[in-house]
1. Which one of P172, Q35, Y48 is farthest out on the positive end of the charge dipole of the chain, using unit charges on Cβ (Lys, Arg +1; Asp, Glu -1) and the Cα centre as origin?
2. Please compute the contact order of segment 1-71 in relative form: average sequence separation of alpha-carbon pairs under 8 Å and at least six residues apart, divided by the residue count, as a percent.
3. Can you pull the one-decimal nm distance between simple spin-label points at R124 and N99, each 7 Å off the Cα toward Cβ?
4. Hey, what did segment 67-202 get for relative contact order, percent, Cα under 8 Å, at least 6 apart?
5. Could you tell me which of V186, A87, A126 has its Cα farthest along the dipole of the chain towards the positive end, charges placed at Cβ (Lys, Arg +1; Asp, Glu -1), taken about the Cα centre?
6. Suppose every Lys and Arg Cβ carries +1 and every Asp and Glu Cβ carries -1, with no other charges. What dipole size does segment 64-164 come out with about its Cα centre, to the nearest 20 debye?
7. Roughly what would the spin-label model give for R148 and Q82, points 7 Å off Cα along C-beta, in nm?
8. Please state the Cα pair-distance histogram of the chain with 10 angstrom bins from zero: what percent is in each bin?
Amino acid sequence: MRYSAGHKERTRERILGQAGQLFRRLGYTGVGIDQIMAAAHLTRGGFYGYFRSKAALFAEVIAREPDLVRRMRARTGHTTAQLSTEALEIVAGYLAPENRERVGRGCPMASLSVDVARAGTGARRAYERMLLDLTAEFSRTMPESPDRERHALASVALCVGGLIVERAVDDPLLAARIGDACRAGVAELLETSDGGRSSRTRR
């Protein structure tokens, strides 16, 4: 049976979606092609019609824009103070204890960083692009200054690293303190970058 280009693209998206869920839940080494294709209701034999290898599929999963980047890009503020306020609201939701498992399962930056570090060049490059995209969004929150990139990179590290550590501890009160500390750290970086204007705006 001959399928349309649209059918092939929808099938490919289905494989990517199922693979992303499985990778985020079980890790790269914990998932095989058979498992991915079964989750997509397809046979293993069809896999190579869509992807060269499991590593290539993993790289494409990593390359997909995460919700944190998407939400930061969707901010509507026109000033650094407005963008800062929106950014802190997004960060608060990202690190909120009640959301940590849901966000962690959905964010490839938080759930797959260790796997990417052990993966091939394609996955690492895709991760790097995602990291730079998020850094650019934090940079957009800050006025031009010599410390702008450093503060943006630190903000990304606090968000992603904070969520990874939150998810790793068993004590919910400790997880909440970690999230609070990381949110405060991002707020301080943004306030330092804009001379405290964002803090005054929120009052």
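1. Checking the options against the dipole of the chain, the answer is Y48.
2. Working: 34 pairs, mean separation 22.4, N = 71.
Reported relative contact order: 32 percent.
3. With each label point 7 Å from Cα toward Cβ, the separation is 3.2 nm.
4. Values: 150 pairs, mean separation 45.6, N = 136.
Result for segment 67-202 is 34 percent.
5. A126
6. Details: 15 positive and 13 negative charges, 64 e Å.
Computed about the Cα centre, the dipole is about 300 debye.
7. A separation of 1.9 nm, rounded to one decimal place.
8. Distribution as computed: 9, 31, 30, 19, 9, 2, 0 percent.
Any read-out appearing in this document is the output of simple, stated calculations on the displayed coordinates, not a laboratory observation. The structure presented is a predicted model; accordingly, all values stated were derived computationally and were not measured. All Cβ positions, glycine included, derive from the backbone under ideal geometry; neighbour counts span all protein chains shown.
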